[in-house]
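Engineer: Sending over a structure as structure tokens; questions will come in a sec.
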Amino acid sequence: MLQWQEDGNNRSNPRQKSPGIGAFLFLLGMRKHLKLLIFFLVGCSDFGTNPKEEVFLDDVSFAEDIQPMLNASCINCHGNNGGLSVRTYDNLMKGTSNNGPVVIPNNGIGSFIVKKLKGNASGDRMPPEPANPWDDSKIEIIIKWIDQGAKNN
């Protein structure tokens, strides 16, 4: 059986190697992981530019909850370019000449805008492909706002 000398000066004994080298190699390896961690944290952050994904509110506000979602997903096609405009509360509530009102206060499920967002209405679902459909949580916020009377608050 091989016995190692335990005097602290035997460099061939793996238990006697300098802790400074091991610590240095460990920190060098961790730098790669730290860079990777920072990359993912920064890359996956929206820095507050996207509207709130999930909001559990008692009262849903048009200005603070609904308009930011419409601005983020709908305003490019439904700005002031004819048809439905979601740029303002009044325009949204006016609806379109083809479909009439898209929001029926106190009837979220029956409102045309909800049917379009869920893909249950005639024509394309909104937003149209290749854009991703809205999460159910976003649609639920719209429904809740409409069910609360679709107020301009």
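Engineer: For region 94-137, report the translational diffusion coefficient in µm²/s to the nearest whole number, using Stokes-Einstein at 25 °C, 0.890 mPa s, and a Kirkwood Rh over Cα pairs.
Structural biologist: Calculated translational D: 223 µm²/s.
Engineer: If you put +1 on each Lys and Arg Cβ and -1 on each Asp and Glu Cβ, how big is the dipole of region 62-147 around its Cα centre, in Debye rounded to 20?
Structural biologist: Taking the Cα centre of region 62-147 as origin, the dipole is about 240 debye.
Engineer: If you average 1/r over all unlike Cα pairs in region 62-147 and invert the result, what Kirkwood radius do you get in angstrom?
Structural biologist: Kirkwood radius, region 62-147: 12.8 Å.
Engineer: Moving to a separate point now. Please give the net charge around G95, taking every other residue with its beta carbon less than 15 angstrom from that of G95, where Lys and Arg add +1 and Asp and Glu add -1.
Structural biologist: +3
Engineer: Can you list residues from other chains, or at least 5 along the same chain, whose modelled amide H is less than 5 Å from the amide H of T96?
Structural biologist: Here V102 satisfy the definition.
Engineer: Multiplying the sequence separation of D58 and N91 by 0.36 nm and subtracting their Cα-Cα distance, what value in nm do you get?
Structural biologist: Gain in length upon complete extension: 9.4 nm.
Engineer: Grab the Cα-Cα distance for N107 and N71, subtract it from 0.36 nm times how many residues apart they are, and report the gain in nm with one decimal.
Structural biologist: The N107-N71 span can extend by a further 10.7 nm.
Since every read-out is calculated from the coordinates, none of them should be taken as a lab result. Remember, it's a predicted structure, so these values are computed and weren't measured experimentally. As a convention, Cβ positions derive from the backbone with ideal geometry for all residues, glycine included, and neighbour counts pool all protein chains shown.
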